[in-house]
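Quick notes on the structure that follows.
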Number of protein chains: 2
Amino acid sequence: MIHSHVLLAHGSGGRLTHDLIHDLFRSYFCSPLLAKGDDAAVWPANLPPEARLALTTDSYVVQPLFFPGGDIGTLAVCGTVNDLAMVGARPLYLSAGFILEEGLPLAQLERVVASMARSASEAGVHIVTGDTKVVDRGSADQVFINTTGVGVVSAGIDLSGANAMAGDRVLLSGPIGQHGLAIMTQREGLQFSLPLESDCAPLNGLVDAMLKAAPTIHCMRDPTRGGLATTLNEIAAQSQVGIEIEESRVPVPEGVRAACELLGLDPLYVANEGKLVAIVPPEMEDTVLDAMRRHRYGREAALIGGVCATHPGRVVLQTSLGAHRVLDMLSGAQLPRIC
Amino acid sequence: MIHSHVLLAHGSGGRLTHDLIHDLFRSYFCSPLLAKGDDAAVWPANLPPEARLALTTDSYVVQPLFFPGGDIGTLAVCGTVNDLAMVGARPLYLSAGFILEEGLPLAQLERVVASMARSASEAGVHIVTGDTKVVDRGSADQVFINTTGVGVVSAGIDLSGANAMAGDRVLLSGPIGQHGLAIMTQREGLQFSLPLESDCAPLNGLVDAMLKAAPTIHCMRDPTRGGLATTLNEIAAQSQVGIEIEESRVPVPEGVRAACELLGLDPLYVANEGKLVAIVPPEMEDTVLDAMRRHRYGREAALIGGVCATHPGRVVLQTSLGAHRVLDMLSGAQLPRIC
């Protein structure tokens, strides 16, 4: 590429747009579907008769673009892959839409695109169609990315936030708070003695292992924006059940706990990008926990609570001291532009 | 909604995000899939055995948000529906990702969302999953929208920019230049005696009628960014054929011609949002033109030229005076933020 920075003409649809697609996107997102260059990617469906399709979208506006444990590119692929995985869908294909600020160094864009390609490869998903827009300097902040994913849900799988039932167990795949704190400390230039890294990871492999072990899991959700507390509230509301969590069972890394205390944050509301909550029938608890702990992204999986018929729509936390308090959904904005 | 403007907390994933989804998006995008509230929309595939799936994405950053003939909302739905239609796909579902600038009046967002709902209804497509991010004031320009569409291509349809063959006819669905000029005059506060309105429209109905009449059409593409000249260059390059166009056959409205002369623009490079180019086998020319002219969005369809074996990869314009000149792809940025 002969230019070092993004120009308005890179978004004009003309020569420079074509050069950018050819030199950058196609060379990292190697897919014959993308290479075809038509207005949409087309592929033979070849679905089993009972299969369902899934569609999910997320835009990524995280600041800073690069942070310990990942960048906007890893996030853009993992976040959307995870949203597909949470409904039990095997991710097939992603689209990628870039909004670039005029003047963005092309080397930074290349670093982001390389991260996307790496995460897509880990998740086993292909980026097959895309779009690039350029806005004038000051009309966007460096780069925003939208990824949208299509996946296939196999027959017999039925995951929904509306499926939680009294008696179910609440499992968490690992320690919370890392992503949000990694962004926060990077943004504010803080230094802690314990390193804080984003947990950003594609969870479709973990979900696949869990569903193979127990296809009757009721619900999965990744506690991203709004954190674990907000995710549990969403499920309690959708299923009209109560959820009770034991504070002492929720794994919080020492570094996250220390940073949260200093910053006045509650780890239960801090975003994660590589964790999931699973609501499972009581008889499947051990089977699912075993399957989770055998996977690299579920090694520290834990039972953190249960679903009850009392206080429908409410999440109650039993504190380490034995007191009970209602855990509400996040109100206000804890950490803007976390993903 | 109790707030009049977008707050950072509307993008936090917490209470205000849920209120926005509930009060605004779900009330306009009425779909049981969206209402379910899971991380992805899931639907039974129910595809015929030979069917193919199509995926396409576009981000919309047009300025101003509202212009004669449409707004960013109509554009966001029509543009993506049209990209699906251009590969012969029947649009099924769209996703919608919003990036909002803190301080955007919610009334403006509502107007945009209402336009999206109206265009989706005209196109017969449903918006089934979405995402909202809010960035701090000055980090984006009002609102950016990404829409991504999934469609189904029926057996026997094979449209691609790589399918043009020597001897094929080049058809255009109607007059060019309206969208680009409508944006330009609105942005610059210009007044012309002849009104300029965007041609923004969903073309899937027109495409459907054309493919019913002639399933063997080789290629369709909508001449958006970069205009007719750039689109023809893309096809010539993908198919490695020459394309020859007669200037006198290309319909240009009087208002567009006058405004272009004044502004020093070439209508062949100005963006359209409701037009298509079709490359058809010579024996199908009349059948396809008839089908186009019977549809409201193809009434002024015209034969504008043909495909040849000489000068592969090149587009040549025969001017009204009988001279020939090479029509290159757009270089540079004619009108930034046109869509």
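The C-alpha atoms of chain B define a longest principal axis, and helix B:254-263 lies at about 80 degrees to it.
Note on B:90-97: average number of Cβ atoms from other chains within 10 Å of each residue's Cβ is 4. Interface B-A: total buried accessible area of about 5900 Å², 1.4 Å probe, protein heavy atoms only. Modelled spin-label separation between B:Thr216 and A:Asp290, with each label point placed 7 Å from Cα along the Cα-to-Cβ direction: 6.2 nm. Summarised as an ellipsoid, segment A:1-52 has semi-axes of 32, 11, 9 Å, derived from the eigenvalues of the Cα gyration tensor scaled by 5 and square-rooted, with the largest first.
Which of the pairs B:Lys212/B:Lys275; A:Lys212/A:Lys275; A:Lys36/B:Lys36; A:Lys36/B:Lys133; A:Lys36/A:Lys133; A:Lys36/A:Lys212 have their Cα atoms more than 25 Å apart in this structure? In this structure, A:Lys36/B:Lys36; A:Lys36/B:Lys133; A:Lys36/A:Lys212 lie more than 25 Å apart at Cα.
Pop the C-beta distance of B:Glu300 and A:Ala107 into the FRET formula with R0 = 41 Å and round what comes out to the nearest 0.05. Once the sixth-power term is evaluated, E becomes 0.30.
Could you tell me which of rounded, prolate or oblate describes segment A:169-327, using a ≥ b ≥ c as the square roots of the eigenvalues of the alpha-carbon gyration tensor, with rounded for a/c under 1.5 and, failing that, prolate when a/b is larger than b/c and oblate otherwise? Because a/c hits 1.5 or more and a/b fails to exceed b/c, segment A:169-327 counts as oblate. Placing unit charges on the Cβ atoms only, positive for Lys and Arg and negative for Asp and Glu, gives the protein assembly as shown a dipole magnitude near 300 debye about its Cα centre.
Each Lys or Arg adds one and each Asp or Glu takes one away; over the other residues whose Cβ falls under 9 Å from the Cβ of A:Pro282, this sums to -2.
Peptide A:29-40 has a mean shielding of 6, counted as Cβ atoms of other protein chains within 10 Å of each residue's Cβ. Given the protein assembly as shown, what whole percent of its Cα pairs are spread farther than 46 Å? Result: 19 percent of Cα pairs exceed 46 Å.
For the segment B:64-77, counting C-beta atoms of other chains within 10 Å of every residue's C-beta and taking the mean gives 0.
What the phi angles of segment B:70-76 give under the Karplus curve with 6.51, -1.76 and 1.60, with θ = phi - 60°, is a coupling list of x, 7, 4, x, 4, 4, 5 Hz, glycine and proline written as x.
Probe radius 1.4 Å, ligands and nucleic acids ignored: give me the carbon and sulfur share of the accessible area of chain A as a rounded percent. Accessible surface attributable to carbon and sulfur in chain A totals 50 percent. For the listed peptides B:172-181, B:149-158, B:280-289, a ranking on the average number of other beta carbons within 10 Å per residue, highest first, reads B:172-181, B:149-158, B:280-289. When the surface is traced with a 1.4 Å probe over the full set of protein chains, A:Glu197 keeps roughly 110 Å² accessible. For chain B, the 222 nm mean residue ellipticity estimated from helices alone, with every DSSP H stretch of n ≥ 4 adding -39500 (n - 2.57) and the total spread over all residues, rounds to -8500 deg cm²/dmol. Solvent exposure of the protein assembly as shown amounts to 36 Å² per residue of accessible area, where only protein heavy atoms count and the probe is 1.4 Å. Ranked by the mean number of other Cβ atoms within 10 Å of their residues, highest first, the peptides B:40-49, B:269-278, A:323-332, B:120-129 come out as B:269-278, B:120-129, B:40-49, A:323-332. Given their separation in residues at 0.36 nm each and the Cα-Cα distance between them, A:Arg325 and A:Arg257 gain 22.5 nm when the chain is fully extended. Let me make sure I get this right: for chain B, a, b and c are the square roots of the gyration tensor eigenvalues over alpha carbons, sorted descending. Under 1.5 in a/c it's rounded, otherwise prolate if a/b > b/c, else oblate. Which is it? Note, shape of chain B comes out oblate. The label-point distance for B:Arg26 and B:Ser121, in a model that sets each label 7 Å from Cα toward Cβ, rounds to 2.0 nm. By its C-alpha gyration tensor, with a ≥ b ≥ c as the square roots of the eigenvalues, how is segment A:11-87 shaped: rounded for a/c under 1.5, else prolate for a/b larger than b/c, else oblate? It comes out oblate by the Cα gyration axes. Largest first, the three principal axis extents of the alpha carbons in segment B:8-153 are 49, 35, 23 Å in whole numbers.
The values are calculated or read from the model by the stated rules, or taken from the named source; none is laboratory data. Since the model is a prediction, treat every value here as computed from it, not as a measurement. Every residue, glycine among them, receives a Cβ derived from its backbone with ideal geometry; neighbour counts consider all protein chains shown. Note: areas computed on protein heavy atoms with side chains; ligands, DNA, RNA excluded. Shrake-Rupley method; radii C 1.70, N 1.55, O 1.52, S 1.80 Å.
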